[in-house]
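The values are calculated or read from the model by the stated rules, or taken from the named source; none is laboratory data. Bear in mind the structure is a predicted one, so any value in this text is a computation, not a measurement. Cβ: placed from backbone, ideal geometry, glycine included. Neighbour counts: every protein chain shown.
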Amino acid sequence: MAETPTKIRITVGNATIEVEGSQDYIEKKLKEPESFDGLIKKVGGAVPAISAEVKAKGQEVKAAKRKRGTKAGESYKLVPNLNLSGTDDIPSLKDFCKEKNPTSALECNAVFIYYLKKMLKTDKAGIDHVYTCYKAAGAKVPGRLYQSLVDTQNSKGTIITRDIKDIGISTIGENFAEKELPKSQKSK
């Protein structure tokens with residue numbers, strides 16, 4: 001009796017890739033998600049999380065293949081001409097962070113954007129500027145920096161991410177950085 005073929009369907013945006021073969025062949029390919037990268041790039045550009053639906057012998061198995069913590073294609077650059085070392089009138093970013101003592105990525109995002117926009121008066125502060133701030137401050141960069149910035153806007157309302165190449169600070173963010181931080185002094 002012939003083995004029932006196994007089918008896999010991968011959807012990327014509006015494009016769908018279907019592969020059919022023996023169950024062993026499909027399982028082997030699922031363990032090597034990079035084998036689908038070429039096909040995915042041809043139909044959809046960047047390689048997203050692969051959501052695969054495997055149908056074998058009437059059973060459905062869902063498999064997700066991607067390393068957690070990073071978004072496919074997320075990479076950032078240090079902004080070379082960004083001076084975060086301070087001047088006579090403006091503290092360094094590191095000193096400013098010590099003073100404000102942000103305790104989460106959401107707080108760091110707000111402090112960094114405040115520093116860039118209000119203290120340095122940076123014309124445009126994008127995601128690479130924020131990445132540079134994390135590195136200069138010696139803080140852990142969130143695995144999904146873009147999502148962290150969006151979450152900061154959505155949950156705290158301290159920053160404005162309408163244009164990720166020009167992130168803004170809201171009035172709530174100004175008040176947060178100026179009046180609510182550091183928390184330890186306010187709670188005493």
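Assorted remarks:
- Evaluated against (1) modelled with pLDDT of 55 or more; (2) of a type in the set (S, T, N, Q); (3) assigned by TED's automatic domain parsing to the domain that holds ASP24, ASN101 falls short on exactly one condition, (3).
For (1) within 26 Å of ASN175 (Cβ to Cβ); (2) among the small types (Gly, Ala, Ser), each residue gets a yes or a no:
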position	(1), (2)
LEU78	no, no
ASN81	no, no
PRO91	yes, no
LYS98	yes, no
PRO102	yes, no
LYS121	yes, no
GLY126	yes, yes
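- Complete set of residues in the range 95-113 that are part of a helix (DSSP H, G or I), surrounded by 16 or more Cβ atoms within 10 Å (Cβ to Cβ) and of a type outside the set (A, V, I, L, M): PHE96, CYS97, LYS100, GLU107, CYS108, ASN109, PHE112
- If the condition is being under 17 Å from PHE96 (Cβ atoms) and either of a type in the set (Val, Ile, Thr) or not assigned by TED's automatic domain parsing to the domain that holds ILE113 (or both), then the range 130-166 contributes VAL130, THR132, THR158, ILE159.
- The range 114-135, subset aliphatic (A, V, I, L, M), within 24 Å of the chain's Cα centre (by Cα) and in a helix (DSSP H, G or I), residue surrounded by the most Cβ atoms within 10 Å (Cβ to Cβ): VAL130
- Test: residue in the range 143-150 that is of a type in the set (Gly, Ala, Ser), crowded, with 19+ Cβ neighbours inside 10 Å and in contact with a Lys or Arg (Cβ under 9 Å, 6 or more places away or on another chain): no
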